[in-house]
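One structure is given here, and the rest of the page talks about it.
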Amino acid sequence: MNTPSHLSDFELITMLVVMRLEDNAYGVPIALEIEEQTKREVKLGSVYAALERLEEKGFVLSELGEPTRERGGRAKRYFHVTKQGMRRVRETRRILLRLWQRVPKLEGVRP
Amino acid sequence: MTTPNSLEPPRLATWLLERFSPAGKNAPLAGDLIEGFKQGRSSSWYWRQVLWAIGMAFVNLVLGKQWRPLAYAAGCGALLSALAGRGSVLPRVLALYPQVYRIPWPWSLVSQIALITAFQAVIVTFALGAYLAFSHSLRTRNLLRVLMVVVVVLASSNAALPFLFVALSSISVRLTYGWFVLVVIPTVAVLLGTWQANRCNTPRPGPG
C-alpha cells in the first residue's frame with residue numbers, strides 16, 4: 001500500500017510560511033512569521049527539524065546562500081516548496097475544508 | 001526584541017551548538033541564532049534556542065532513520081541468539097550435510113553453501129518482510145530487490161566462513177559454527193537488507 005506522507009500541523013504552517021516568504025525563506029524570517037501568526041515562541045531547532053523532515057519527504061528543497069559578517073560568517077539556508085509539496089498543501093487544504101464544512105457546530109465560522 | 005543588540009551572543013552557547021548539532025546543518029542555524037540575537041533577542045533566548053537545538057539533534061540521532069536498521073538488526077540478532085540455544089531446526093539442517101558430502105567436490109561445497117543459504121534466507125525474508133510491513137512499504141518489488149542483495153551477502157558469507165574459521169583458529173579464537181550460521185550472518189544480512197530497504201523508500205524530490 002502506498003501511504004501518502006502525512007503533514008503535521010507545524011509542518012503545514014511551516015510550508016505555508018515558506019510559500020509566503022518566497023525568496024526570503026530562511027530560518028529567522030520563517031520563525032518570526034510563525035511566532036507572529038501563532039503568538040508563541042518558536043524554537044529555530046524545531047523549524048529546522050520540520051524543514052528537514054519535509055525535505056526528506058520531497059516537499060521542500062534547500063540551498064545555501066553566501067556567508068555574511070552579520071551572521072558571524074555563517075551562510076543562510078534558503079528553502080522553497082517543490083511542486084510535490086504544493087500538491088500536498090492543496091490536498092490537505094481540501095481535506096480540512098471538507099471536514100470543516102461537515103461539522104455543524106462550526107457553521108458560519110470561517111476556516 | 002526590536003531593539004538591535006550590539007553585544008556578541010554567548011560564546012559558550014555557540015561553541016556548544018557547533019560541537020553538538022549535526023555537522024553541515026549547524027552553520028545556518030548558528031547564523032540564524034546570531035542574527036536573531038543581534039536583532040535584539042536576549043541571552044536567555046539564545047541559550048534556550050541552543051539547548052533546544054542540541055536536544056533535538058540528540059533525539060533525531062537516536063530515533064532517526066539512519067539508526068532504525070541498526071536497532072532492528074540488533075533486535076533480530078538478540079531474538080535469534082535467544083532462539084539459537086533452544087531450536088532444533090539448525091541441527092536438522094546440519095544433519096543433511098553427510099548426504100551433501102557424498103556429492104563429488106566442488107559440488108559438495110556448492111550444495112552445502114546453497115543449503116545453509118536457503119535456510120538463512122527463510123529467516124531473513126521473514127525479518128525483512130516484517131520490517132517492510134512496519135514501514136508501510138511491503139511491496140513484492142521492494143522485497144525482491146532487497147532479497148537479491150541479501151542472498152548475495154548470505155552466500156558469500158557462507159563461502160567465506162570456513163576460511164574465517166581456519167584463520168581465527170590459528171590465533172586461538174574459538175568460534176561456534178552454529179552461532180555464526182544462525183545468528184551472526186543472518187543479523188548482518190538483516191542490517192544490510194534494512195539499509196537497502198530504506199534506500200528504496202527514500203523519496204526523490206520532485207522538479208522545482
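The values are calculated or read from the model by the stated rules, or taken from the named source; none is laboratory data. All values reported here derive from a predicted model rather than from experimental measurement. Counting neighbours? That spans all protein chains shown, and the Cβs are built from the backbone with ideal geometry, glycine included.
Of note:
- Counting only helices (runs of 4 or more DSSP H) that fall entirely inside the stretch A:1-83 and contain at least 2 residues that are in contact with an Asp or Glu (Cβ under 6 Å, 6 or more places away or on another chain) and at the interface with chain B (Cβ under 8 Å from one of its Cβ atoms), the qualifying elements are A:27-38.
- Options A:28, A:17, A:42; residue that is within 11 Å of the chain's Cα centre (by Cα) and surrounded by 17 or more Cβ atoms within 10 Å (Cβ to Cβ): A:17
- Check on residue B:204, modelled with pLDDT of 75 or more and within 14 Å of another protein chain (Cβ to nearest Cβ): no
- Flag for residue B:53 being buried (at least 18 other Cβ atoms within 10 Å of the Cβ), under 26 Å from residue B:191 (Cβ atoms) and at pLDDT 85 or above: no
- Test for residue A:99: is it surrounded by fewer than 16 Cβ atoms within 10 Å (Cβ to Cβ), within 8 Å of chain B (Cβ to nearest Cβ) and modelled with pLDDT under 95: no
- Residues of the stretch B:101-145 that turn out to be basic (Lys, Arg), without any contact (Cβ under 8 Å) to a residue 24 or more places away in the chain and under 22 Å from residue B:196 (Cβ atoms), as a count: 2
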